[in-house]
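K.L.:
The following block contains the structure, expressed as structure tokens.
The values are calculated or read from the model by the stated rules, or taken from the named source; none is laboratory data. Just so it is clear, the model here is predicted, and its values are computed rather than measured. Heads up, the Cβs are rebuilt from the backbone with ideal geometry, glycines too, and the neighbour counts pull from every protein chain shown.
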Amino acid sequence: MTKMHTLTPSTETSTDLDDLARLLTPDGERIPDRQLDPWISDLDTDAMRGLYRDMAIARRLDIEGVALQRQGQLGLWAPAQGQEAVQVGTARACRDDDFLFPSYRELGVQLVRGAKPADFILAWRGEMHSTYNPYELSLATPQIIIGAQALHAAGYAMGIQRDGGDQVAVAYFGDGATSQGDVNEAMVFSSSFQAPMVFVCSNNQWAISEPVTVQAKFPIAGRAPGFGIPSLRVDGNDVLACLAAMRWATDHARSGKGPAFIEAVTYRMGPHTTSDDPTRYRNAEQVAAWRERDPITRLEAHLRAQDAFDDAFAAEVESDADEFTAGMRAAALGAVTRPPIEVLDDVYAEPHSGIAEQRERFASYLSGFADEEAQR
Amino acid sequence: MSELLTMGKALNAGLRRALADDDKVIVMGEDIGRLGGVFRITDGLIDEFGAPRIIDTPLAESGIMGTAVGLAFRGFRPVVEIQFDGFVYPAFDQIVCQVAKLHYRTRGNVTMPITVRIPWAGGVGAAEHHSESPEAYFVHTSGLRVVAVSNPQDAYMMLRQAIACDDPVVFFEPKRLYHTKDEVDLGADIADAAPMGLARVVRAGTDVTLLAYGAQVATALDAATAADDEGTSIEVIDLRSISPVDYPTVTASVRKTGRVVVTHEAAREAGVGAELIASITEKCFHYLEAAPERVTGHDIPYPPAKLEKHHLPDLDRILDAVDRVLERPNSLSGVES
Ligand SMILES: Cc1ncc(C[n+]2csc(CCOP(=O)(O)OP(=O)(O)O)c2C)c(N)n1
């Protein structure tokens, strides 16, 4: 190695959007990439159609989520439109027993892991904090505290090491999260212990209203090597590149070489949440430019060029998406709020006298309404 | 197998026993490996159990707590050492938002059997940030259990109970007691021990109930001895657990004595004493002969070491409060409150 008395970043922009590893151009043309190609050499058109299907359903369920929120069925929704490729591509690269720690925006990841329609709306509706058992999907409850889950993945990966397992733990987070101590501490821990973990940063350019340049003055993928972690900066709207990168990363982690980091450069097409007004902070041209890079039409163009996309397939995907979103709507409209006493459930795993006393009082208070209820 | 041990050695023995009993137990923290921790509580564990189970972590408290969460997710039972009380704050977010809430958030599917050991409180002439009493922050957080030990036998047993508990436990170790010695029954089984949630009447009395925990228990006992010389009979209760509090034991005593004094080193405002007195007032209002009293640290940042004796409740301040609940004139009579 040459002497390193100074380390100066060779580029100052954190948003150089064309210097990315990619396998599909925005027009869907397959281009070679020496590093990524080997990781998807097995991918046939059927597999690609599967990726398309997942992304199309993810988008539809996202649209449905926004609609349900607008109709007053959900308190809030965090749209993921435009980010389907990074979510689906990376999650599809994981094994079923790899344990994933997502943020609140990882709809595509939840979908790939087998979440049911109700799982997408009951938490946003405020019925419960989480619906599925994390151990059944090998998927933690979506994290709201920015960046906290990166440490959970690092710790889980340390646990895998101690069990002699060959799984990988994965942390998903946004560009804003890379400013948090927890994400940086997770890089220190996983690197120091060579834990089998993958960091997936969906750089969607915005943390609510703050552009990525407020969080980083150098491409985010460039940060990981400083922690001793190899990284890849890929086109997050190219599902093939995301899949290939994640296969590289999980293989690296699984084979005992320690953590790996992926920065997927993408764009959040909608608002941060349904409470946000992005017209206050970003311009229409930027959004329009990103619309040209849409991950779903990109893969469709690629499949069409190979005669692997016809009306029958499109109709089939459409009908699957209809069915899924009808399930979401039904779950929202049919949701039955749990009985009031359950608000005191599961605070502790073992009996706790303080909660027991409050439960007793609350139950007796509630029983005062029993007559009223009976009369209704 | 009773042995005369310091509290530090009793804690070390408790850790060793927990590690031997359950291979899912792992110990993690700063300097806890080769050094054995700055207080040597983890002394020798790395030789016996090896580095995979005794983890010298990077110097990052949120990192330690957050990775403990991930390890618990994976089925381990992490025992985390926070080097000093004042350094738990960087880990506070992970404790409050993650450790305390994951069981509730996942509707019981995920348990967080994490023990957070904190060398705690003042009286040892330490530097700034090394003498804090942050217990009220944790007591206020649902989902956590909070205990404080006052003697070597409890240190040995309650630490094992905390580690075996499926809930997260914040475990306070008064550092000024690390070197106090007492008999410890090393053969004891946790199944036979008093549950860690139970309070203990450490001295019976009839006139005043004096509630304390941690190192204050010894001060409370000294006060009771001094009061006895003047003909006042004080019942001293070591709370042991400050979340949940063992109210049956506390209220039985208050109903008998009709008078209560609470003492702790932590500041007064919204402290554990305030909670105890509010609950006692609700539960025993008609039994109270006088307004309950708190003897606490002042509402100040922890003072410099040379002044800490003016901050920590001592025997005389406790006796002053005892006089007030007995409605006897004393040195502070006449002070408007
Ligand atoms: C610790 C913390 N601080 C602030 C917030 C409020 N908040 C929610 S999302 C968000 C922006 C996150 O941006 P990024 O990490 O880029 O993820 P994205 O939402 O863009 O997917 C903020 C500030 C939070 N949830 N947690």
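K.L.:
Considering only residues that are more than 29 Å from residue B:114 (Cβ to Cβ) and among the polar types (S, T, N, Q), look in segment A:346-376 and name the one that is surrounded by the fewest Cβ atoms within 10 Å (Cβ to Cβ). Can you show your working first?
P.N.:
Narrowing segment A:346-376 to residues more than 29 Å from residue B:114 (Cβ to Cβ): A:361, A:363-376.
Next, from what is left, pick out any that are among the polar types (S, T, N, Q): A:364, A:367, A:375.
Working: A:364: 9, A:367: 11, A:375: 6.
Restricting to residues being more than 29 Å from residue B:114 (Cβ to Cβ) and among the polar types (S, T, N, Q), the top hit is A:375.
K.L.:
Would you mind stating whether residue A:108 is crowded, with 24+ Cβ neighbours inside 10 Å and in contact (Cβ under 8 Å) with a residue 60 or more places away in the chain? First the steps, then the outcome.
P.N.:
Numbers: crowded, with 24+ Cβ neighbours inside 10 Å: yes; in contact (Cβ under 8 Å) with a residue 60 or more places away in the chain: no.
No.
K.L.:
Could you please find all residues in segment A:67-80 being within 15 Å of the ligand (Cβ to nearest atom) and buried (at least 19 other Cβ atoms within 10 Å of the Cβ)?
P.N.:
Of segment A:67-80, the ones within 15 Å of the ligand (Cβ to nearest atom) are A:75-80.
Residues satisfying the conditions are A:77, A:78, A:79, A:80.
K.L.:
Right, residue A:202: away from the ligand (no atom under 15 Å from the Cβ), more than 8 Å from every other protein chain (Cβ to nearest Cβ) and of a type in the set (S, T, N, Q) or not? I'd like the intermediate steps shown before the answer.
P.N.:
Values: away from the ligand (no atom under 15 Å from the Cβ): no; more than 8 Å from every other protein chain (Cβ to nearest Cβ): yes; of a type in the set (S, T, N, Q): yes.
Spelling it out, it is not the case that residue A:202 is away from the ligand (no atom under 15 Å from the Cβ), more than 8 Å from every other protein chain (Cβ to nearest Cβ) and of a type in the set (S, T, N, Q).
K.L.:
Got at least one residue in segment A:303-310 being of a type outside the set (Phe, Trp, Tyr), at pLDDT 95 or above, farther than 16 Å from residue A:81 by Cα and crowded, with 18+ Cβ neighbours inside 10 Å? Talk me through it step by step, then tell me what you get.
P.N.:
Just the residues of segment A:303-310 that are of a type outside the set (Phe, Trp, Tyr), to begin with: A:303-308, A:310.
Those left that are additionally at pLDDT 95 or above: A:303-308, A:310.
Applying the additional criterion that residues be farther than 16 Å from residue A:81 by Cα yields A:303-308, A:310.
Narrowing the set further to residues that are crowded, with 18+ Cβ neighbours inside 10 Å leaves A:303.
Yes, some residue in segment A:303-310 is of a type outside the set (Phe, Trp, Tyr), at pLDDT 95 or above, farther than 16 Å from residue A:81 by Cα and crowded, with 18+ Cβ neighbours inside 10 Å.
K.L.:
Run residue A:138 past the list (1) more than 11 Å from chain B (Cβ to nearest Cβ); (2) under 23 Å from residue A:196 (Cα atoms) and report the number of the one that doesn't hold.
P.N.:
Of (1) more than 11 Å from chain B (Cβ to nearest Cβ); (2) under 23 Å from residue A:196 (Cα atoms), only one is false for residue A:138: (1).
K.L.:
Moving on. Please specify each residue of segment A:228-243 satisfying the condition of being surrounded by fewer than 23 Cβ atoms within 10 Å (Cβ to Cβ) and either over 9 Å from residue A:261 (Cα atoms) or under 16 Å from the mean Cα position of the chain (by Cα) (or both).
P.N.:
Residue satisfying the conditions is A:228 alone.
K.L.:
Do we find a residue being away from the ligand (no atom under 16 Å from the Cβ), away from every other protein chain (no Cβ under 14 Å) and either of a type outside the set (Lys, Arg) or without any contact (Cβ under 8 Å) to a residue 12 or more places away in the chain (or both) anywhere in segment A:260-276? Before you say what the answer is, go through the steps one by one.
P.N.:
The first filter runs over segment A:260-276 and keeps only residues away from the ligand (no atom under 16 Å from the Cβ), leaving A:260.
Now narrow it down to the ones that are away from every other protein chain (no Cβ under 14 Å): A:260.
Narrowing the set further to residues that are either of a type outside the set (Lys, Arg) or without any contact (Cβ under 8 Å) to a residue 12 or more places away in the chain (or both) leaves A:260.
Checked against the condition, which is being away from the ligand (no atom under 16 Å from the Cβ), away from every other protein chain (no Cβ under 14 Å) and either of a type outside the set (Lys, Arg) or without any contact (Cβ under 8 Å) to a residue 12 or more places away in the chain (or both), segment A:260-276 yields at least one hit.
K.L.:
Scan the strands (runs of 3 or more DSSP E) fully inside segment B:234-320 and keep the ones with 2 or more residues being within 14 Å of chain A (Cβ to nearest Cβ).
P.N.:
Values: elements: B:234-238, B:241-243, B:260-267, B:293-297.
Ranges flagged: B:241-243.
K.L.:
Just to be sure I understand, how many residues within segment B:49-60 are touching a helix residue (DSSP H, G or I) at 6+ places or on another chain (Cβ under 7 Å) and either of a type in the set (Gly, Ala, Ser) or in a loop (DSSP other than H, G, I, E, B) (or both)? Full working, then the answer.
P.N.:
Start the filter on segment B:49-60 by keeping residues that are touching a helix residue (DSSP H, G or I) at 6+ places or on another chain (Cβ under 7 Å), which leaves B:49, B:52-54, B:57-58, B:60.
Restricting the remaining residues to those that are either of a type in the set (Gly, Ala, Ser) or in a loop (DSSP other than H, G, I, E, B) (or both) gives B:52-53, B:57-58, B:60.
Adding up the residues that qualify gives 5.
K.L.:
Quick one: which of B:46, B:64, B:41 is more than 8 Å from chain A (Cβ to nearest Cβ), assigned to a helix (DSSP H, G or I) and either farther than 24 Å from residue B:141 by Cβ or at pLDDT below 95 (or both)? Walk me through how you get there before you give the answer.
P.N.:
Numbers: B:64 fails: either farther than 24 Å from residue B:141 by Cβ or at pLDDT below 95 (or both); B:41 fails: assigned to a helix (DSSP H, G or I).
So the residue among B:46, B:64, B:41 that is more than 8 Å from chain A (Cβ to nearest Cβ), assigned to a helix (DSSP H, G or I) and either farther than 24 Å from residue B:141 by Cβ or at pLDDT below 95 (or both) is B:46.
K.L.:
Kindly check whether there is at least one residue in segment A:294-304 that is assigned to a helix (DSSP H, G or I), free of Cβ contacts under 8 Å to residues at least 40 places away in the same chain and over 20 Å from the mean Cα position of the chain (by Cα). Break it down into steps so the answer makes sense when it comes.
P.N.:
To start, the set of residues in segment A:294-304 that are assigned to a helix (DSSP H, G or I) comprises A:295-304.
From the residues that got through so far, the ones that are free of Cβ contacts under 8 Å to residues at least 40 places away in the same chain too are none.
Within segment A:294-304 (the criterion being assigned to a helix (DSSP H, G or I), free of Cβ contacts under 8 Å to residues at least 40 places away in the same chain and over 20 Å from the mean Cα position of the chain (by Cα)), the answer is no, since none of the residues qualifies.
K.L.:
Every residue in segment A:167-184 that is touching a Ser or Thr at 6+ places or on another chain (Cβ under 8 Å), near the ligand (Cβ under 7 Å from one of its atoms) and farther than 13 Å from residue A:151 by Cβ, please.
P.N.:
Matches in segment A:167-184: A:174, A:175.
K.L.:
Regarding residue B:72, is this residue under 24 Å from residue A:157 (Cβ atoms) and surrounded by fewer than 19 Cβ atoms within 10 Å (Cβ to Cβ)?
P.N.:
Answer is no for this residue.
K.L.:
Tell me which residues, restricted to segment B:75-101, are within 16 Å of the ligand (Cβ to nearest atom) and either part of a helix (DSSP H, G or I) or surrounded by fewer than 18 Cβ atoms within 10 Å (Cβ to Cβ) (or both).
P.N.:
Residues satisfying the conditions are B:89, B:90, B:91, B:92, B:93, B:94, B:95, B:96, B:97, B:98, B:99.
K.L.:
For segment A:311-345, enumerate the residues that are surrounded by fewer than 16 Cβ atoms within 10 Å (Cβ to Cβ) and among the polar types (S, T, N, Q).
P.N.:
Listed by number, the residues that qualify are A:319, A:337.
K.L.:
State yes or no: is residue B:85 within 11 Å of chain A (Cβ to nearest Cβ) and out of contact with any Leu (no Cβ under 7 Å at 6 or more places or on another chain)? Spell out how you get there, then give the answer.
P.N.:
Values: within 11 Å of chain A (Cβ to nearest Cβ): no; out of contact with any Leu (no Cβ under 7 Å at 6 or more places or on another chain): yes.
Here the answer is no, as residue B:85 does not meet what is asked.
K.L.:
With respect to residue A:115, is the statement that it is farther than 25 Å from residue A:227 by Cα, surrounded by fewer than 24 Cβ atoms within 10 Å (Cβ to Cβ) and either within 11 Å of chain B (Cβ to nearest Cβ) or under 17 Å from the mean Cα position of the chain (by Cα) (or both) true?
P.N.:
Yes: the conditions hold for residue A:115.
K.L.:
Pull out all pairs, ordered by first then second residue, where Cβ-Cβ is under 9 Å, the residues are six or more apart or on different chains, the first lies in segment A:174-191 and is over 25 Å from residue B:55 (Cβ atoms), and the second is away from the ligand (no atom under 13 Å from the Cβ).
P.N.:
From residues that are over 25 Å from residue B:55 (Cβ atoms), the pairs are A:178/A:184; A:178/A:223.
K.L.:
Answer yes if at least one residue in segment A:62-75 is in contact with a helix residue (DSSP H, G or I) (Cβ under 7 Å, 6 or more places away or on another chain), aliphatic (A, V, I, L, M) and within 22 Å of residue A:175 (Cβ to Cβ), and no otherwise.
P.N.:
No, because not a single residue in segment A:62-75 is in contact with a helix residue (DSSP H, G or I) (Cβ under 7 Å, 6 or more places away or on another chain), aliphatic (A, V, I, L, M) and within 22 Å of residue A:175 (Cβ to Cβ).
K.L.:
Just name the residue that is nearest to the other protein chains (Cβ to nearest Cβ) out of those in segment A:161-184 that are surrounded by 24 or more Cβ atoms within 10 Å (Cβ to Cβ) and within 12 Å of residue A:99 (Cα to Cα).
P.N.:
It comes out as A:169.
K.L.:
Would you check if there is a residue in segment B:143-164 being out of contact with any Pro (no Cβ under 6 Å at 6 or more places or on another chain), more than 13 Å from every other protein chain (Cβ to nearest Cβ) and under 16 Å from residue B:91 (Cα atoms)?
P.N.:
No, because not a single residue in segment B:143-164 is out of contact with any Pro (no Cβ under 6 Å at 6 or more places or on another chain), more than 13 Å from every other protein chain (Cβ to nearest Cβ) and under 16 Å from residue B:91 (Cα atoms).
K.L.:
Related question: For residue B:33, indicate whether it is closer than 23 Å to residue B:178 by Cα, in a helix (DSSP H, G or I) and more than 9 Å from every other protein chain (Cβ to nearest Cβ).
P.N.:
Working: closer than 23 Å to residue B:178 by Cα: yes; in a helix (DSSP H, G or I): no; more than 9 Å from every other protein chain (Cβ to nearest Cβ): yes.
So residue B:33 does not fit the description; no.
K.L.:
Okay, next question. Could you tell me whether residue A:179 is within 11 Å of the chain's Cα centre (by Cα) and of a type in the set (Ser, Thr, Tyr)? Don't jump to the end; show me each part of the working.
P.N.:
Details: within 11 Å of the chain's Cα centre (by Cα): no; of a type in the set (Ser, Thr, Tyr): yes.
No.
K.L.:
Taking the condition of being within 16 Å of the ligand (Cβ to nearest atom) and more than 9 Å from chain B (Cβ to nearest Cβ), how many residues in segment A:185-199 meet it? Quick ask: steps written out before the conclusion?
P.N.:
Taking segment A:185-199 and keeping what is within 16 Å of the ligand (Cβ to nearest atom), we get A:185-187, A:199.
Add one more test, that the residue is more than 9 Å from chain B (Cβ to nearest Cβ), and what stays is A:187, A:199.
Within segment A:185-199, residues that are within 16 Å of the ligand (Cβ to nearest atom) and more than 9 Å from chain B (Cβ to nearest Cβ) number 2.
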